[in-house]
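A.B. asks: First, the structure itself, so that you have it in front of you.
The values are calculated or read from the model by the stated rules, or taken from the named source; none is laboratory data. What you see is a predicted model; the values in this text were computed from it and never measured. Neighbour counts run over all protein chains shown; Cβ positions are idealised from the backbone, glycine included. Areas reflect the complete protein model, heavy atoms only, side chains present, ligands, DNA and RNA absent. Shrake-Rupley method; radii C 1.70, N 1.55, O 1.52, S 1.80 Å.
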Amino acid sequence: MPSEREVAERIVREIKALGQRLRLMHVCGTHQDTLVKHGLQPLLSEAGVHIVQGPGCPVCVTTPREIEEARALALGGASVTAFGDMMNVPGPNGSLFSAREEGADVRIVYSITDAVAMARESPSKRSVFMGVGFETTAPSTAVALLSNPPDNFFILSCHRVVPPALEAIIQMGEVRLDGLIEPGHVSTIIGTRPYVGISKRWKIPQVVAGFEPLDLMMAVLMLARQKSQGRGEVENEYSRVVRPEGNVKALKAMREAFEPCDVAWRGFPTIPGSGMALRPKLAAHDARREFEDVLAPVSEMDFPEPRGCICGEVLRGVVESDECPLFGKACTPEHPVGPCMVSYEGSCNILYKYKGK
Amino acid sequence: MCLAVPGKVVKVKGSEGLVDFGGAKRWVNISLVDAKAGSYVIVHAGFAIQTLGKREALETIALWAEMLDKMGEDVKDA
Amino acid sequence: MPKVKLSHGAGGRAMQRLLKEMVVSRLASDVGEVRLSEMDDSAIVDGIVFTTDSHTVKPLFFPGGDIGSLSIAGTVNDLAVMGAEPIALSLAMVVEEGLDLDILEKVIGSVARTARKAGVSIVTGDTKVMERGAVDKLVLNTSGIGRRHPLLDRNLYIVQKYRKFAGKWPRDSTLAGGDALVVSGTIGDHGVAILSAREGYGFESEVRSDAAPMNHAISEALDAGGVVAMKDPTRGGLANALNEFSEKSGVGIEIDEAAIPIKPGVRSACGMLGLDPMEIGNEGKVLFGVVGEKASDVLKSLRKTPEGRQAAIIGRASKKVRGVVMRTKIGGRRIVEPPIGDPVPRIC
């Protein structure tokens, strides 16, 4: 049985043998962490492969407006629960953590199931769960909503879907890409079919990849082979988990609970149909309806990007993290300006941590 | 995008299953998959999002080696 | 007005900066061979090693330990990693009105057992009770004094057979290029045991806290000889301890990911919660710097002790690198930074 390292060395040899210079994009914070935590970048760049991070972590793409909405709810007296990832994301007036420091009831949960349990424990208090994440996380919110949660439980939906964002990036044409590494766990839900249209229209190779280091390296090899053979198709490296049809039950639950809406992504103009709003039948649990008064001031605010922050360009893969003027100076993991530095998965946070100052 | 890890369903109670992640165990919602005691699942934020075979859960290195060998044959056949 | 944050107390960079800029800058003096300003695990005044620690762990009881065993082990270890033999400890308690007396009794029982295990006595103390709600159940403070370990001089004599060693005590600043880094056992056990009991992301875990006095294991290591630095990797975990060695000794450190002992239960819990075992706290572990030539002898001695059965050589100090660099299992390389604030479970 070969060791993980031997298989890795064999893959690098095979990539080098194809002699392709590759510029690839992935759109997943967890892929970025795998790349950097295992130190794959030096290995892959030696084989002529450069990987750019697209908009891929729920934290990076959540807009300042949504952060300010969650803060307003917490400071307005609701008990707000959210994943740990969201705690430090800065809005114009601070983060959920800083709201907690101002006395608001803000708590971290591992799962929406814990958030529902907390709401049941204090029925007199209105409890809001900040629903972030893509097609991997949205089904869990849907199931919670469809299993008659308590009346005092509400959702602030910030969920988004990936395919429209992929199309937006490629259409903008700002970035020359030789291939796309598709997110394994989003694909576990949506399957491989939604990507086929993209390959057909733009003849761009795509490979759905898992999250072990060898998953990513194998996906890069598959993309290099496609390029060397002049192919532009969808291939599935993560076949041990991802099925072509995805998870039918999860897709059904999502469709039942949510309807597409237009939503802005940080660093992008509004992307049509890329957001997920609660369907009318679940309006009783929609925080944006229940707390219309508390959220009214937020809807009038406008949210300019912090001065000098070019997270947008970094998120669209147009600029590398260390090409940002604030990187490592005004913008560090301790004093993050934009989301790419705040999130553990943000390309700047990870580059800063793993590459050093 | 989303952190999900494989685990083995130890027991089931209604829409929940106790999953062993190789030392840490936690009750997770299994209503989005068809799983029973003994099934391997991949779990994200407290929800099982897919079932996978035992070999897929435990012998990933062998699977990659096979992928490489298969690629080698494609080249010979092409 | 800027406010105190949780990260100011979590053992990472935010805490280091608060202490340097607000506390040490005002209180520093030239009293002692090892002074306040050096922010070491203990101070040394007139040859006496002196340390203090407060304990606010939540929950009070967790798999493998409790606030009582944690407080005694913590202070004994702070003395022992300076190269001192504990003389005596103090125990101060701040108790919330309304706490069940049997909880207090259980904690004191655990304090007694742990002190006996370490071979040290509690000789003085203080008790305060605050009205309901003013403090969360129970807070303990333990202080300790120690004398120079009888084996320390011979240990440093052996060090000087292989390289120069200027100081009198093993410090964070006395590591040098070529020295080996040895960890006394598996990392992350304590932090995972605590997380498994915490509201909001609790889970069942077979991982038990490693809270235990390490003074006997340290004596064995000193007996083998060649130890140049010691630290207990508590808040901020191994990542923080390695960075403090590297920063204070002005030398890079290269570590090998495959050599770092991690229990499957810790790896699995960290995988599930999206955490890095390198940043998870330990309460019964020691990170040693050892002259290269004596690393295997120290390892053998440690492995003979119950606390050091899974000791391992994890890397080497080297002038060729800056900061702490890890060779990953897959053959890549990455830099290990000290964590900022407490690790938080994530989904992405």
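A.B. asks: I'd like the orientation of helix B:60-77 relative to chain B: the angle between its Cα long axis and the longest Cα principal axis, in ° from 0 to 90, rounded to 10.
C.D. replies: 30
A.B. asks: How big a patch of accessible area, both sides summed and in Å² to the nearest 100, lies buried between A and B at a 1.4 Å probe?
C.D. replies: Buried surface at the A/B interface: approximately 3400 Å².
A.B. asks: Right, here's the next one. Size of chain A along its principal axes in angstrom, Cα-based, largest extent first?
C.D. replies: Each principal axis gives a Cα extent; for chain A these are 65, 47, 41 Å.
A.B. asks: I would also like to ask the following. For the protein assembly as shown, just the Cα set please: Rg and Dmax, both in angstrom.
C.D. replies: According to the Cα coordinates of the protein assembly as shown, Rg and Dmax are 26.9, 83 Å.
A.B. asks: Here's a follow-up. Roughly how many Å² is the accessible area per residue of the stretch B:5-77, as a whole number, for a 1.4 Å probe?
C.D. replies: For the stretch B:5-77, the solvent-accessible area averages 44 Å² per residue.
A.B. asks: Same structure again: To the nearest 10 square angstrom, how much accessible area does A:W202 have with a 1.4 angstrom probe?
C.D. replies: Using a 1.4 Å probe on the heavy atoms, I get roughly 90 Å².
A.B. asks: Express in % the proportion of alpha carbon pairs of the stretch B:5-77 at distances exceeding 22 Å.
C.D. replies: Tail of the P(r) past 22 Å holds 33 percent of the pairs.
A.B. asks: Here's a follow-up. Compute, for C:F61, the solvent-accessible surface of its heavy atoms (probe 1.4 Å) with the complete set of protein chains present, and express it in square angstrom to the nearest 10.
C.D. replies: Answer for C:F61: close to 80 Å² accessible.
A.B. asks: Report the paramagnetic label zone for A:K252: residues of the stretch A:163-201 whose backbone N is under 17 Å from a point 7 Å from Cα along the Cα-to-Cβ axis.
C.D. replies: What the label zone holds, given the 17 Å backbone N cut-off, is A:189-191.
A.B. asks: How many percent of the accessible area of the stretch A:111-219 is carbon or sulfur, using a 1.4 Å probe?
C.D. replies: Working: 1630 of 3140 Å².
On the stretch A:111-219, the fraction of accessible area on carbon and sulfur atoms equals 52 percent.
A.B. asks: For the stretch A:1-66, what is the accessible area per residue in Å², given a 1.4 Å probe and the full set of protein chains?
C.D. replies: Accessible surface, normalised per residue, equals 35 Å².
A.B. asks: Using just the helices of the protein assembly as shown, give the 222 nm mean residue ellipticity in deg cm²/dmol: DSSP H runs with n ≥ 4 each add -39,500 (n - 2.57), and the total is spread over all residues, rounded to 500.
C.D. replies: Using -39500 (n - 2.57) per qualifying helix, the result is -10000 deg cm²/dmol.
A.B. asks: Related question: Considering only DSSP beta bridges with both partners in the protein assembly as shown, what is the antiparallel share in %, to the nearest 5?
C.D. replies: In the protein assembly as shown, approximately 65 percent of DSSP beta bridges are antiparallel ones.
A.B. asks: Which residues among the stretch C:37-65 fall inside the zone where the amide N is under 20 Å from a point 7 Å beyond the Cα of A:S122, along Cα→Cβ?
C.D. replies: So the set is C:58-59.
A.B. asks: For the stretch A:301-347, state which trypsin sites (Lys or Arg not before Pro) are in a DSSP loop and have at most 16 other beta carbons lying within 10 Å of their beta carbon.
C.D. replies: Within the stretch A:301-347, the qualifying trypsin sites (Lys or Arg not before Pro) (loop, at most 16 other Cβ atoms within 10 Å) are A:R307, A:K329.
A.B. asks: How much accessible surface does A:R231 have with a 1.4 Å probe, in Å² rounded to 10?
C.D. replies: The accessible area comes out at roughly 60 Å².
A.B. asks: With helices defined as uninterrupted DSSP H runs, which ones in chain A have an alpha carbon span along their own long axis of at least 20 Å and mean Kyte-Doolittle hydropathy of at least -0.5?
C.D. replies: A:4-18, A:213-228
A.B. asks: I need the shape label for the stretch A:200-357. Rule: rounded when a/c is under 1.5, else prolate if a/b > b/c, else oblate, with a, b, c from the alpha carbon gyration tensor.
C.D. replies: Oblate, because a/c is 1.5 or more while a/b does not exceed b/c.
A.B. asks: Using R₀ = 56 Å, calculate the FRET efficiency as 1/(1 + (r/R₀)^6) where r is the Cβ-Cβ separation of C:R116 and A:R243; round to 0.05.
C.D. replies: So the FRET efficiency works out to roughly 0.40.
A.B. asks: Which of the DSSP-defined H helices in chain C satisfy a minimum axial length of 15 Å, computed from C-alpha atoms, and a minimum mean Kyte-Doolittle hydropathy of 0.0? Could you put the intermediate results ahead of the total?
C.D. replies: Values: long enough: C:67-80 (19 Å, 1.02); C:101-118 (26 Å, 0.26); C:237-249 (18 Å, -0.45).
Those that clear 15 Å and a mean of 0.0 are C:67-80, C:101-118.
A.B. asks: Further question: Expressed as cubic angstrom per residue, what is the convex hull volume of the alpha carbon set of the stretch A:1-117?
C.D. replies: 141
A.B. asks: Give, in whole angstrom and from largest to smallest, the semi-axes √(5λ) of the equivalent ellipsoid of chain C, with λ running over the eigenvalues of the Cα gyration tensor.
C.D. replies: Numbers: eigenvalues 178, 122, 81 Å².
Each semi-axis is the square root of five times an eigenvalue, giving 30, 25, 20 Å.
A.B. asks: For the stretch C:6-335, with every protein chain kept in place, what is the accessible area per residue (1.4 Å probe, Å²)?
C.D. replies: 41
A.B. asks: Say each of B:D34 and A:V318 gets a label point 7 Å from the Cα, pointing the same way as Cα to Cβ; how far apart are those two points in nm?
C.D. replies: Here the answer is 4.8 nm between the modelled labels.
A.B. asks: Another one. If the viscosity is 1.002 mPa s and the temperature 20 °C, what Stokes-Einstein diffusion coefficient in µm²/s follows for the stretch C:203-317 when Rh is the Kirkwood radius over Cα pairs?
C.D. replies: The calculation lands on 144 µm²/s.
A.B. asks: While we're on this one: Taking R0 as 25 Å, what's the FRET efficiency between A:F303 and A:M172 from their Cβ-Cβ distance, rounded to 0.05? Write out the running numbers ahead of the final one.
C.D. replies: Values: r = 21 Å, r/R0 = 0.85.
The pair A:F303/A:M172 has a calculated efficiency of 0.75.
A.B. asks: In Å², rounded to the nearest 100, what is the total accessible surface buried by chains C and A against each other with a 1.4 Å probe?
C.D. replies: 3000
A.B. asks: At a probe of 1.4 Å, how much accessible area disappears from chains B and C on forming the pair, both sides counted, to the nearest 100 Å²?
C.D. replies: Buried surface at the B/C interface: approximately 1200 Å².
A.B. asks: Once the convex hull of the alpha carbons of the stretch C:113-256 is built, what does its volume come to per residue, in cubic angstrom? It would help to have the intermediate numbers written out before the result.
C.D. replies: Numbers: hull volume 26.1 nm³, N = 144.
In the stretch C:113-256, the Cα hull volume divided by residue count equals 182 Å³.
A.B. asks: Can you pull the percent of the stretch B:5-77's accessible area that's carbon plus sulfur, 1.4 Å probe, other chains left in place?
C.D. replies: 54
A.B. asks: Right, something else. Put A:R120, C:R333 in order of accessible area, largest first, 1.4 Å probe: what do you get?
C.D. replies: A:R120, C:R333
A.B. asks: Let me ask you something else. In the stretch C:6-335, what percent of the accessible surface is made up of carbon and sulfur (1.4 Å probe, ligands and nucleic acids excluded)?
C.D. replies: Ligands and nucleic acids excluded, carbon and sulfur reach 54 percent.
A.B. asks: Output the residues of the stretch B:30-45 meeting this criterion: accessible area (heavy atoms, 1.4 Å probe) in the chain alone minus accessible area with all protein chains in place is 40 Å² or greater.
C.D. replies: Going by heavy-atom accessible area, the residues of the stretch B:30-45 that drop by at least 40 Å² are B:L32, B:I42, B:H44, B:A45.
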